[in-house]
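Written below as structure tokens is the structure these notes are about.
The values are calculated or read from the model by the stated rules, or taken from the named source; none is laboratory data. None of the values given here were measured: they were computed from a predicted structure. Cβ placement follows ideal geometry from the backbone for every residue including glycine, while neighbour counts extend to all protein chains displayed. Keep in mind that these areas ignore ligands, DNA and RNA; they rest on the heavy atoms of the full protein, side chains included. Shrake-Rupley method; radii C 1.70, N 1.55, O 1.52, S 1.80 Å.
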Amino acid sequence: MINVIKKFKETQGSTIIFNFIKKIITATNLRPTLLEESPVAEKVRIYSRSEHIISRSKISENALKVLYRLQKEGYDAYLVGGCVRDLLLGREPKDFDVVTNADPEQVRKVFRNCRIIGRRFRLAHVHFGHEVIEVATFRGVSETDSNKQMLDKEGRLLRDNVYGNIEEDVWRRDFTVNALYYNIKDFSVVDYVNGMDDHKAATLKLIGEPVVRFREDPVRMLRAVRFAVKLGFKIDGGCQQPIKDMAELLGSIPSARLYDEVLKLFLFGYALQTFEMLRQYALFQVLFPATEQCLASEENGFPRQLIIKALQNSDNRIAEGKSVTAYFLFASLLWEPVQQLAKEKLKQGLPEFMAYQDAANEILSRQVKITALPRHISLSIRDVWSLQPKFNTRVGSKPSRLITHPKFRAAYDFLLLRAETGGVDPELVDWWSKYQNASENEQRKMTAPARKKSPAHSASRKRNNRKKTADSLTDSQNQ
Ligand code: ATP
Ligand code: MG
């Protein structure tokens, strides 16, 4: 039915007639889901410039250029999404997203520095040096909502690529606070979904029926946690239980997308709180099942402590403006599952080196299926892990070779983390801290073998040393 109307709208081009028919359908109940649930235009609330705190001085100059230029060309142009939400909180937005009624080709004609991206839904990227302003065309309520063929059998959104108008665009956004539009025409904030009230109440509320919206796109559950932590908002009561009930649906999300989401969750300065909340909502176990299993059977707070410390360190580094890496995060989260699996393999009689290597391979390949870690990331994770036993050798030329390894610094930081959480003797870490900062001469002294007494004595000590190194390797890996 909606297709017929849409066709009619396209051919006749009359919004008034379209809206009139929409109303008849609503009144006669011909069209169920969408029109019943959709925030209708009559609900719109316009907050004038004096009723909100968004000032143009806080908007990126390039975003303003894009907005003004589109407006000058006769198009509608709004800021939307996270930037409006963050500006209303007095925060500096991460990026600025523009939405317009111009289609991507029309946008391209307006800007020379513009590239069209995306196959499924085409977007315009306007480039200004390093800054990219994303310009999207309003999305429409495609057949998706009226014709179930556009949803898979689990109710997941398969296609979402129809252009529409602002009233339709609102409906496909996730949370009400993410569906506020800043209009460049009069600097007002346009609100169809009571987003301003929810914003004031610091609440994340899904637009529409939570169960339906989470089923359409389960990643919205992760977004709920991410925004709750980042903004200090609470997740609306109506969304809480559905997340716990539907967490497993995340398993159907392509692993590449989940990997990106995990990075957004854990590498933006709120990793620890995010971890706790993901566990609270049963989402962590879908992202990191092997880790969750270890946590569930943990003893004496271990390995929780190592993960907590790693996430805390990562948050502190971000707060200090330092960089954090994806591989260190994954190395920390997956360390304990590797240890446990290696122990099982040792029990099965595998030689030690192979037990650890096989365990690392197995855990990583399982994780890649859930979150598609790029190859260079899994290689770095493996390096961090495989360098750990090498720290036990403090004699001879090995230490000087170890410190030239490209992943030495990360592996040393990981050793530090293990020491801080009781997994390694702190004396070993002290030795390596001293060794790194020592002069070449001192380093030679530190790694010199103990003085020989007699040839016979020396031979027997060599044998002993070899045994000791092997033993301590086992100790370290078993910790
Ligand atoms: P951030 O500060 O992380 O950029 P954001 O809200 O801008 O937050 P984006 O991923 O940049 O998040 O998305 C921009 C906007 O697009 C969102 O505010 C929301 O309106 C909409 N959106 C993004 N992802 C989804 C989704 N999975 N479902 C529905 N709407 C979405
Ligand atoms: Mg954004």
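Yes/no per residue for (1) farther than 22 Å from Y435 by Cβ; (2) without any contact (Cβ under 8 Å) to a residue 60 or more places away in the chain:
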residue	(1), (2)
V338	yes, yes
I363	yes, no
S378	yes, yes
R382	yes, yes
L415	no, yes
E420	no, no
inquiry  = Looking for something among the basic types (K, R), modelled with pLDDT of 95 or more and within 14 Å of ligand 1 (Cβ to nearest atom) - is there at least one such residue anywhere in the stretch 97-120?
reply    = no
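Could you tell me which of the residues K345, K322 is over 21 Å from R223 (Cβ atoms), charged (D, E, K, R), more than 15 Å from the chain's Cα centre (by Cα) and assigned to a helix (DSSP H, G or I)?
Values: K322 fails: assigned to a helix (DSSP H, G or I).
Exactly one of K345, K322 is over 21 Å from R223 (Cβ atoms), charged (D, E, K, R), more than 15 Å from the chain's Cα centre (by Cα) and assigned to a helix (DSSP H, G or I), namely K345.
Matching residues to (1) within 16 Å of ligand 2 (Cβ to nearest atom); (2) touching a helix residue (DSSP H, G or I) at 6+ places or on another chain (Cβ under 8 Å); (3) aromatic (F, W, Y):
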position: V219; (1), (2), (3): yes, yes, no
position: L222; (1), (2), (3): yes, yes, no
position: Q240; (1), (2), (3): no, no, no
position: S252; (1), (2), (3): no, no, no
position: L258; (1), (2), (3): no, yes, no
position: A271; (1), (2), (3): no, yes, no
task = Test Q305 against the criterion of being in a helix (DSSP H, G or I), touching a residue at least 24 places away in the same chain (Cβ under 8 Å), over 26 Å from I253 (Cβ atoms) and assigned by TED's automatic domain parsing to the domain that holds F414, and give yes or no.
result = yes
task = Report whether or not A331 is open to solvent by 10 Å² or more (accessible area, probe 1.4 Å), small (G, A, S) and modelled with pLDDT of 95 or more.
result = no
message = Just to confirm my filter: which helices (runs of 4 or more DSSP H) fall fully inside the stretch 1-89 and include at least 1 residues that are at pLDDT 95 or above and open to solvent by 70 Å² or more (accessible area, probe 1.4 Å)?
response = 61-72
In the stretch 182-196, the residues that are surrounded by fewer than 24 Cβ atoms within 10 Å (Cβ to Cβ), of a type outside the set (A, V, I, L, M) and under 20 Å from L67 (Cβ atoms) = N183, K185, D186, F187, S188
message = For the condition within 14 Å of ligand 1 (Cβ to nearest atom), in contact (Cβ under 8 Å) with a residue 60 or more places away in the chain and over 22 Å from L333 (Cα atoms), what is the one hit in N178, N194, N183?
response = N178
inquiry  = I need a count of the residues in the stretch 382-406 that are open to solvent by less than 40 Å² (accessible area, probe 1.4 Å) and not polar (S, T, N, Q).
reply    = 8
query = within 12 Å of ligand 1 (Cβ to nearest atom), open to solvent by less than 10 Å² (accessible area, probe 1.4 Å) and not assigned by TED's automatic domain parsing to the domain that holds D169, is that true of L265?
reply = yes
note = Output for Cβ contacts, cut-off 9 Å, separation at least six or different chains, first residue in the same structural domain as D260 (by TED's automatic domain parsing) in the stretch 207-226, second crowded, with 23+ Cβ neighbours inside 10 Å and in a helix (DSSP H, G or I), reads none
ask   = Restricting attention to the stretch 97-116, does a residue exist that is in contact with a Ser or Thr (Cβ under 8 Å, 6 or more places away or on another chain), open to solvent by less than 50 Å² (accessible area, probe 1.4 Å), in a loop (DSSP other than H, G, I, E, B) and within 11 Å of ligand 2 (Cβ to nearest atom)?
value = no
query = Got at least one residue in the stretch 242-251 being within 12 Å of ligand 1 (Cβ to nearest atom), among the small types (G, A, S) and over 30 Å from N316 (Cα atoms)?
reply = no
